Amino acid sequence: MRRAVCPGSFDPITNGHLDIIGRASKLYDVVHVAVMINQSKKGLFTVDERIQLIRDVTADFGNVEVESFHGLLVDFCKQRDIPAIVKGLRAVSDFDYELQMAQMNNGLSGVETLFVPTNPTYSFLSSSLVKEVATWGGDVAHLLPPTVHEALVKRLGEK
Ligand code: PNS
């Protein structure tokens, strides 16, 4: 089995994330989506809600497994025998930090990081920007899968 992981916070998953996961799912037998838990960041969605949303929108790919993890990404990879991390690169500004993480992860455990250029349609897209725009009533429907958009509107309405 050729395995890869797409890690992130996914608070919530966007069309940009979905594009990268879908492309990785064509290259690997199994794609693990790891919702990495960061206790210092309070999310808009709970980790369980994020997992459920990701499962809903990746179900059609047929080879995507979604779970959360608390700890180092390299340990997630070691425990599941995953040799590759797949990350989307939106712009040159992503590159510095992504390169640092890729080199650190490779130095820690030998895991490789593969960068996929983001679809230009989504090159400006991030979960935090989507949340900010939606909070102030901006239209983000075209940037999220419909179920995620619905969940976001509902969550912001509860606030
Ligand atoms: O969606 P994000 O928040 O940009 O994703 C960042 C993430 C979760 C992929 C990164 O912070 C990460 O890998 N965290 C897990 C902890 C870890 O392994 N840290 C060392 C990275 S070199």
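The values are calculated or read from the model by the stated rules, or taken from the named source; none is laboratory data. What you see is a predicted model, and the numbers here were worked out from it, not measured in a lab. Every residue, glycine among them, receives a Cβ derived from its backbone with ideal geometry; neighbour counts consider all protein chains shown. For accessibility, only protein heavy atoms count, side chains too; no ligands or nucleic acids. Shrake-Rupley method; radii C 1.70, N 1.55, O 1.52, S 1.80 Å.
When each of the peptides 41-51, 128-138 is scored by the mean number of other C-beta atoms lying within 10 Å of its residues, the order from highest to lowest reads 41-51, 128-138.
The Rg/Rh ratio for the stretch 44-119 is 0.99, where Rg is the radius of gyration of the alpha carbons and Rh is the Kirkwood radius. Checking the Cα-Cα distances for K78/K159; K26/K159; K42/K78 against a 31 Å cut-off, the pairs over it are K78/K159; K26/K159. The string of couplings for the stretch 45-59 from the Karplus curve (6.51, -1.76, 1.60, θ = phi - 60°) is 10, 5, 4, 5, 5, 4, 4, 4, 4, 5, 4, 4, 8, 10, 4 Hz, one whole number per residue in order, with x for Gly and Pro. For the residues D75, D139, a 1.4 Å probe over the protein chains yields an accessible-area ranking, largest first, of D139, D75. Calculated on C-alpha atoms, the gyration radius of the stretch 80-159 divided by its Kirkwood radius gives an Rg/Rh of 1.10.
Note on the chain: Cα convex hull, mean projected area over all directions, 9.2 nm².
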